[in-house]
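Colleague: Let me begin by handing over the structure; questions about it come next.
The numbers here are math on the coordinates, done by the rules we state, and not lab data. Not measured: the values here are computed from a predicted model. Backbone-built Cβ (ideal geometry, glycine too); neighbour counts: all protein chains shown.
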Amino acid sequence: MTEIFINFVEINLVPLGALGVFIASLIEEVIAPIPSALVVAAAGFFLLDGGLSLSFFRDLFFIIAIPASAGVAIGSLVFYFLAYISGKPVLVKWGKWFGLSWSDIEKAQEKFSHTYTDEITLFVLRTIPIVPSVAIAAFCGLIRMNVWKYMGISFLGNLIRASLLGFLGAQAGALYYTYAGTIKCFEDAVLLVFVLAAVFFVVWGAYRTHLSKKRNTLLE
């Protein structure tokens with residue numbers, strides 16, 4: 001599913017720029033098996049040139065980070081309101097269909113202390129996700145955190161995370177294109193080795209078969 005989605009992003013959403021990043025991030029937040037880190041890094045790979053300039057950081061912020069953060073924050077509202085309205089019974093029964101287990105929510109609960117530091121905890125978890133994103137959203141819905149507070153902190157935390165992932169994706173793209181010729185030569189060399197190995201085993205197998213038939217003829 002991940003490979004299919006990345007191909008879909010490259011063909012259909014990348015040409016849309018910031019809007020495509022927003023849509024892709026929103027979808028991946030709702031469809032649990034798709035890794036969010038991979039989506040944002042892929043957007044950085046396809047949409048940024050990797051050169052460290054003022055225009056690069058402007059595009060990183062406005063084309064990658066802001067749209068991705070908004071998509072994740074809005075997409076996570078599905079699980080936030082599911083938990084807010086229905087509570088534990090529905091999550092226990094149906095959570096598995098969204099890639100969410102009750103143990104994930106309990107892990108999220110361990111990170112919160114039900115004090116003013118919960119906002120800081122949410123921000124940190126959104127910046128560096130230690131537990132699944134859907135579990136964080138569901139837990140915040142269960143404890144009925146103010147939705148605007150939840151959205152604001154989620155957006156800010158994801159803003160930092162998306163900026164970092166987009167930057168890494170862009171640098172990976174720049175590195176790839178810089179050494180594309182070397183990579184291609186290496187790929188060709190590996191392919192040649194496999195072809196020669198295949199030819200060797202075919203010839204060796206035919207030779208052994210010939211020797212076996214010759215030996216059987218002599219024995220007769």
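Colleague: What distance in nm separates the two pseudo spin-label positions at V124 and I160, each 7 Å out from Cα along the beta-carbon direction?
Modeller: Label at V124, label at I160, 1.0 nm between them.
Colleague: What is the distance, in nm, between label points placed 7 Å from the Cα along the Cα-to-Cβ direction at I85 and at T117?
Modeller: 3.5
Colleague: Can I ask one more? So how much slack lies between L19 and W148, counting 0.36 nm per residue of separation and subtracting their Cα-Cα distance, in nm?
Modeller: Taking 0.36 nm per residue and subtracting the Cα distance, the gain is 44.2 nm.
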